[in-house]
Amino acid sequence: MQHTQWYKDAVFYQIWPRSFCDGNGDGIGDLWGVLTKLDYIASLGVTGIWFSPLYPSPQADFGYDIANYYDINPEYGDLDLFRQVLDGAHKRGLRVIMDLVVNHTSDECDWFKQSRSSRDNAFADWYIWRDGKTPGAPEDGGTPPNNWDSLFEGGAWEYEPARNQWYLHIFAKKQPDLNMDNPQVRSEVERIMRFWLDIGVDGFREDVITFISKDPALPDDSPLIPAARGMKFYNHGPHVHEYLQQFRHNVLDHYDCMTVGEAPVISPEQALEYCAEGPNQELNMVFTFEHMGADCMFTDWVPRPFDLRAYKQAVGAWQTGLAAHAWNSLYLENHDHPRIISRYGSEQYRVESGKSLACSYLFLRGTPFVYQGQEIGMTNTHLESVEESADVSTFNQVRRLRELGVPESVCLDLTNRATRDHARTPMQWDAGPSAGFVGGDGGGIPWYPVNPNHVDINVAAADRDPDSLLAFYRKAIELRRKLPVVREGSYREFKRASNALYAYAREGAGQRLLVVCSFTEEIAYFSAPAGFDLAAGELCLCGYPDAPLEDNAFFLRPYECRVYLWNDES
Ligand code: GLC
Ligand code: CA
């Protein structure tokens, strides 16, 4: 099968199904809702959809705890409905990728139910079981096999009386880690991939895929490491490349599909081991975290102000680090991080900073992902108490803070800064009572409260306004797709030391593109670098209605952005 690298021209829209659109009126987003929004998604100019998990799940981590990999969560619909959505997407030129969560399953998955029932059953070795360091149940003084932390819920081990053993869970207790060293487990992963590819999906976003191979000795980590103890023994583990190559050669090679792997704590050099193009390429790209102000997934909790220089440095390192050999992913939001305008932009200059943020990443080299609501500039919500959170990782962070004696008011401030709930409030379709999220006649109440700002910030209002962020996203995505330089060009940065401006050029394919984005409400000054004659360039985008020039320079108003294009005659 010839791989066409179609993903290099793709722009994806991420749907977190529970909060996108409720079609049957029970207050929970679903595929009936998605079906009614396919035209809207296509209207953005995107060319693909990534669905966060749609599978049956007890929802301990909202679908990232899968109970059955071969079906659709009945709250969301069924396989027939999924086929309709897939078909409707394909008819509109939208590819569809699924979330593949194979580091762990739900504890309610049949495989785990059997695995935990005894030491000898067909699934006994499908998970990571070990004897305690000191035998017996914890209440009888038994202790876990090592000192690793889970990322979501205390220690990484949970005791199972039926086996008098412990199982490993890097995430929540209800997310036991699969034993990928077992060849049967790897064949099952292949079977899952084939099942969905044969239905017609176009690829996978692979959840925490760099975690799937653990150091078999499962050694204790240094007790001095304050959090995520153990990570160095399971991130980029000893067999991860072997296993991913197996999946590639046995399955992915036989379909013209794409993969993007979530990769916490990874350098560009390490990313090349996964993504360098060639016969042993394992993934088409990875999602990294450095530009999110975090080297890992859950460090939004560390209170630090936004640092534009650090952001630019991270982006630049990845742009240049992969340029010759591998492809980048590009994103500013997903279901795991607070809203980007609230983090890196300005709620006061919401539309302006939203436009600047859009330009700061949509013209980079790589495949962009836009998260639901990002395109209308949804912002963080406000929790009155930490109990309003619905997020298992927030519960864990707050528990740890409380153990450290952090006052309740600080716990609440940090929750409001960092919780994943911000990305998970219902999509704001209109100014109505449920933000237009609840459809049908079920009269359901949204499963999570809508952000009160939906009366102003919603799709219907943005659609009526030619200067809205939504209109800007449509223009920017269209522009990106028609300019070969965005796919082919090199990356060059200007004003690196500036804490106010992000300016970069893309050069190649007979074109030059200059992108200048302000990240401040102060007036900023940009003078064009040598070789860029602004008056001779085409102004393709500007965050304000006009774009005055002063010689070969301009003043940027609060959070202004501009994109200029030159077609080199040759
Ligand atoms: C990934 C997902 C996140 C989930 C975690 C465990 O980081 O993006 O939502 O909680 O993996 O599956
Ligand atoms: Ca529903």
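The values are calculated or read from the model by the stated rules, or taken from the named source; none is laboratory data. This is a predicted model, so every value here is computed, not measured. In this analysis, Cβ positions are derived from the backbone assuming ideal geometry, glycine residues included, and neighbour counts consider all displayed protein chains. Note: accessible area is taken over every heavy atom of the protein model, side chains too, but ligands, DNA and RNA are not part of it. Shrake-Rupley method; radii C 1.70, N 1.55, O 1.52, S 1.80 Å.
General remarks:
- Pairs from Lys174/Lys214; Lys232/Lys312; Lys8/Lys232; Lys214/Lys312; Lys8/Lys37; Lys113/Lys232 whose Cα-Cα separation, in the structure shown, is over 22 Å: Lys232/Lys312; Lys8/Lys232; Lys214/Lys312; Lys8/Lys37; Lys113/Lys232
- Förster radius 35 Å - calculated FRET efficiency between Ala122 and Ala310 (Cβ-Cβ, nearest 0.05): 0.10
- Cα centre as origin, Lys/Arg/Asp/Glu Cβ charges: the stretch 110-168 dipole, Debye: 140
- Among beta bridges that DSSP assigns inside the chain, antiparallel share in %, nearest 5: 60
- With each label modelled as a point 7 angstrom along the Cα→C-beta vector, the Glu478-Arg557 pair spans 2.2 nm.
- Model label sites at Asp456 and Thr36, defined 7 Å from Cα along the beta-carbon direction, differ in position by 2.7 nm.
- Sites counted here are GluC sites (Glu not before Pro) in a DSSP loop (not H, G, I, E or B) having no more than 11 other Cβ atoms within 10 Å; the longest part of the chain that contains none of them is 1-383.
- With R₀ set to 41 Å, the beta-carbon distance separating Tyr525 from Thr4 gives a calculated FRET efficiency near 0.40.
- Under 16 Å of direct C-alpha separation, and excluding same-chain neighbours fewer than eight residues apart, Lys355 reaches these aspartates and glutamates: Glu333, Glu347, Glu375, Asp463, Asp465, Asp467, Glu478, Glu521, Asp546, Glu560.
- Principal-axis tilt of helix 183-199 within the chain, Cα atoms, nearest 10 degrees: 40
- Between the stretch 547-570 and the stretch 88-143, the Cα center-to-center distance that results, in Å: 54
- Accessible surface, the stretch 129-207, averaged per residue in Å² (probe 1.4 Å): 35
- A DSSP coil position with no more than 15 other Cβ atoms inside 10 Å describes none of the chymotrypsin sites (Phe, Trp or Tyr not before Pro) in the stretch 80-146.
- Among the chymotrypsin sites (Phe, Trp or Tyr not before Pro) within the stretch 399-483, not one is in coil by DSSP while having at most 13 neighbouring Cβ atoms inside 10 Å.
- Measuring nothing but protein heavy atoms, the accessible surface of the chain at 1.4 Å probe radius is 51 percent carbon and sulfur.
- Rolling a 1.4 Å probe over the protein heavy atoms gives the stretch 1-73 an accessible area of 25 Å² per residue.
- Probe 1.4 Å, protein heavy atoms only - accessible area per residue of the stretch 415-567 in square angstrom: 41
- Accessible surface ranking that places the most exposed of Asp253, Asp533, Asp120 first, with a 1.4 angstrom probe: Asp120, Asp533, Asp253
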